[in-house]
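J.: Quick one: the structure is below, questions incoming.
The values are calculated or read from the model by the stated rules, or taken from the named source; none is laboratory data. Quick caveat: nothing in here was measured; it's all calculated off a predicted structure. Glycine gets a Cβ as well: all are built from the backbone with ideal geometry, and neighbour counts include every protein chain shown.
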Amino acid sequence: MSWLRNVAQSESNRIQLLRPLNPPKKNRPFTVIVEGNIGSGKTTFLDYFAKFKDVEVLQEPVNKWRNVQGHNLLDLLYKDPSRWSLAFQTQVQLTMVDFHTQETSARVKLMERSIFSGRFCFIENLYQSKIMEPAEYSVLSEWFKWITSNLDVNVDLIIYLRTSPEVVHQRISNRARKEEKTVPLSYLQDLHKIHEDWLHNQTTHFVPAPVIEIDANADLPEMLEQISKVEEQILNRKKIKYPETTFPSKLPLPSYQ
């Protein structure tokens, strides 16, 4: 039986930003960000909602990262992350700000990842892995603070596609994208842990909206069934409050140190 879990914690236990988010604009669309490890099924989730006319779906602008005035930053990052992580993550921040602030006539906006996961997961992982220099990390952190203090990048709901690193590693091997052929299991394990600490355990960074978890280890039919269970909530722009509610999970997730 598939499972769905509304992650809920008391406000006293939640990690707070040093500065509050900029107040949201009036008439802003109900904004949902879809988060998860590489290969967790984000495209599957977004494709499900692309059929609805009042939903705008924004997939990660990978083509923009592959062609920055002729430079493939994604490929450069995977080949030499210590050299290119700052340039790549700067471009990611720019494109994510564009997505967050993009106006739309749709009532619902679905985004693949966000400026928050860029900072709290990918930049954080580069720094913790000692791939990114402290000075580079500080520059990106200062940009993030300025953006979240001065621009409307608010979100209303987070979908966390929760997977095990071994499952996504196999998926990445199967889809055989050129830039991803060198991605090791250890990198996916690191990203898994940092996503877990942020969105599941909620012990590291500010969580900008309520979280719904989906077992993305499931095969396609079961995953589509789980997605259908959040369809009404997303299309009807229903916000989640923070009751102390916990649902059991069948998902086997190893702990990585």
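J.: Would you point out which residue out of 185, 161, 191 is touching a Cys at 6+ places or on another chain (Cβ under 7 Å) and either closer than 25 Å to residue 223 by Cβ or surrounded by fewer than 21 Cβ atoms within 10 Å (Cβ to Cβ) (or both)?
T.: Values: 185 fails: touching a Cys at 6+ places or on another chain (Cβ under 7 Å); 161 fails: touching a Cys at 6+ places or on another chain (Cβ under 7 Å).
It is 191.
J.: Let me ask something else about it. Does any residue in the range 67-85 that is without any contact (Cβ under 8 Å) to a residue 12 or more places away in the chain and over 19 Å from residue 177 (Cβ atoms) come within less than 9 Å, Cβ to Cβ, of a residue that is among the charged types (D, E, K, R) and outside any helix (DSSP H, G or I) six or more places away or on a different chain, and which pairs are these?
T.: Partner pairs satisfying both residue conditions: none exist.
J.: It is to be established whether one or more residues within the range 35-43 are buried (at least 22 other Cβ atoms within 10 Å of the Cβ), in contact (Cβ under 8 Å) with a residue 24 or more places away in the chain and in contact with a Phe, Trp or Tyr (Cβ under 7 Å, 6 or more places away or on another chain).
T.: The answer is yes, given that some residue of the range 35-43 is buried (at least 22 other Cβ atoms within 10 Å of the Cβ), in contact (Cβ under 8 Å) with a residue 24 or more places away in the chain and in contact with a Phe, Trp or Tyr (Cβ under 7 Å, 6 or more places away or on another chain).
J.: Consider residue 125 against the criteria (1) in contact with a helix residue (DSSP H, G or I) (Cβ under 6 Å, 6 or more places away or on another chain); (2) surrounded by 20 or more Cβ atoms within 10 Å (Cβ to Cβ); (3) not β-branched (Val, Ile, Thr): it satisfies all of them except one. Which criterion is unmet?
T.: Among (1) in contact with a helix residue (DSSP H, G or I) (Cβ under 6 Å, 6 or more places away or on another chain); (2) surrounded by 20 or more Cβ atoms within 10 Å (Cβ to Cβ); (3) not β-branched (Val, Ile, Thr), residue 125 violates only (2).
J.: Now for a different question. Could you pull out every one of the helices (runs of 4 or more DSSP H) wholly within the range 122-203 that has 3 or more residues that are at pLDDT 95 or above and not β-branched (Val, Ile, Thr)?
T.: 124-128, 134-150, 185-195
J.: Right, next: For the range 176-190, which residues satisfy the criterion of being free of Cβ contacts under 8 Å to residues at least 60 places away in the same chain, under 14 Å from residue 129 (Cβ atoms) and of a type in the set (A, V, I, L, M)?
T.: Correct list: empty.
J.: Now for a different question. So which residues in the range 213-227 are over 14 Å from residue 42 (Cα atoms) and either surrounded by 19 or more Cβ atoms within 10 Å (Cβ to Cβ) or touching a residue at least 12 places away in the same chain (Cβ under 8 Å) (or both), if there are any at all? Spell out the reasoning first.
T.: At the first step, the residues of the range 213-227 found to be over 14 Å from residue 42 (Cα atoms) are 221-222, 225.
Those that are over 14 Å from residue 42 (Cα atoms) and either surrounded by 19 or more Cβ atoms within 10 Å (Cβ to Cβ) or touching a residue at least 12 places away in the same chain (Cβ under 8 Å) (or both): 222, 225.
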